[in-house]
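Chemist: Submitted below is the structure of interest, expressed as structure tokens.
The values are calculated or read from the model by the stated rules, or taken from the named source; none is laboratory data. None of the values given here were measured: they were computed from a predicted structure. Heads up, the Cβs are rebuilt from the backbone with ideal geometry, glycines too, and the neighbour counts pull from every protein chain shown.
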Amino acid sequence: MVNLRNRRKFPPDILELIRAKNAALRRASAYPTPEYRSRARALQREVKARVQEFRNESWSDLIEEIRPSYKAFWKITKALKIEGYTPIPPLKRPDGTTALDDAEVTECIADSIETQCSHVSPPHDIAHINSIKKEVLQKTSLEPKDDLTPVSLSEVQLLVKSLKTRKAPGLDGVSNKAIKCFSQPLFSLLVAIFNACLQNCYFPSVWKEAGNRYPKPGKPRDLPASYRPISLLSGLAKLFERVLKTRLSNHLFGKGLIIDEQFGFRPAHSCPQQVLRLVEYVMEVFKTKQKTVAVFFDVAKALDRVWHAGLVYKLYSIEVLDRLIFIIQNFLSNRYFTFRHERTHSTRRLIRAGVPQGSALSPILYSAYTNDIPRPTSSVQLVLFADDTALFFRSRTRRSIFRHLPKAIDELGQWF
């Protein structure tokens, strides 16, 4: 059978040929004489040959015209790249032993991911840590006072329309393509479910199960730590996360609560703008013949080790609606993951810290969590893009640079 997904792009002669073929098939089905059946098969072959010829011509024209600056260039390049399957090799455990078979490999990687998703940083002040936990427990044990804007049918339909169909489904197996095919009654049911979740401050447990993990590019494949916890989450869960994200964003950005230095995960801001800011800063130095020094920070496992109680405490400090905080706390708590290798699944593991990578809600939660990052008191400049941080400073003398910049670095290091 000829795939007619791009039928609208066919020229008139092919469309006319397809119509003739369809008519011949209907005639052969209604009157299955040898003559009609032979005519239908002949038209099928003719359509197939003509469509293949047209696609070959279109491909040749595209290859002749396309340039690296075209968006389609990179789509074609990605499609033509054939990456062979590379099995996971035997893994080296921290104790020096080796995980060999599939069951050992899955458990070894699950152990590593469980460690990554733990708040392992040694507390500098245990009394302060316990105080934060106690205050959060007291506040979250009260009944929520605030109401959230109800979810509307048009909001859900707009969110579904923006879903990317090529994204992998979660453990429930419901793809975004399937969600886009939902009927009107199903959309209405989703609206009712989402509103019930908002009213009851509940994030369904089945939506908190995460699936497979993938190796980091360029990392040694024989080390368990090379397999990062990117969550394959349910498409329905992501829809509800976007509902929550909209309400949290309206509060944080509508009231200007996120610091100006943070350019990640916010409207009308991007990484190139931060780069341009640094470039302009350096260009001014050339005119005044000053020196510029920049220090870039890469915080390991930043999103995986967000302290849940600390995040909830900070959400209260910036006066996020308590009902929304309750749902976010429910979203973060009692999350589980499994790692699958071949046909073997690891045991179910609890995620004790971090915001799930792959979640629509996680980036803005991380921005709120790091919003109290110390700003340098001197003329040292602070720039942020998501979990990437940089400090830069300019002066005519090295003595001035070495006096101001290390102080800002120490302040930032103590905060981290």
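Chemist: Which residue out of THR389, THR344, THR370 is polar (S, T, N, Q), in contact with an Asp or Glu (Cβ under 7 Å, 6 or more places away or on another chain) and surrounded by 14 or more Cβ atoms within 10 Å (Cβ to Cβ)?
Modeler: None of the others qualify; the one that does is THR344.
Chemist: Separate question: Within the stretch 356-382, can you find the residues that are of a type in the set (A, V, I, L, M, F, W, C) and either under 9 Å from the mean Cα position of the chain (by Cα) or more than 16 Å from LYS301 (Cβ to Cβ) (or both)?
Modeler: ALA360, LEU361, ILE364, ALA368, ILE373, VAL380, LEU382
Chemist: Does SER226 meet the test of being more than 30 Å from GLN157 (Cβ to Cβ), modelled with pLDDT under 85 and either among the hydroxyl-bearing types (Ser, Thr, Tyr) or not assigned by TED's automatic domain parsing to the domain that holds HIS341 (or both)?
Modeler: Yes.
Chemist: Where in the stretch 324-416 are the strands (runs of 3 or more DSSP E), entirely inside, with at least 2 residues that are over 30 Å from ALA103 (Cα atoms)?
Modeler: Of the strands (runs of 3 or more DSSP E) lying wholly inside the stretch 324-416, those with at least 2 residues that are over 30 Å from ALA103 (Cα atoms) span 381-385, 388-395.
Chemist: Within the stretch 134-148, is there a residue that is in the same structural domain as ASP322 (by TED's automatic domain parsing), under 17 Å from LYS245 (Cβ atoms) and out of contact with any Asp or Glu (no Cβ under 7 Å at 6 or more places or on another chain)?
Modeler: Looking through the stretch 134-148, at least one residue is in the same structural domain as ASP322 (by TED's automatic domain parsing), under 17 Å from LYS245 (Cβ atoms) and out of contact with any Asp or Glu (no Cβ under 7 Å at 6 or more places or on another chain).
Chemist: Still on this structure, please answer the following. Just to be sure, is PHE402 among the aromatic types (Phe, Trp, Tyr) and surrounded by fewer than 19 Cβ atoms within 10 Å (Cβ to Cβ)?
Modeler: Yes; evaluated as a whole, the condition is true for this residue.
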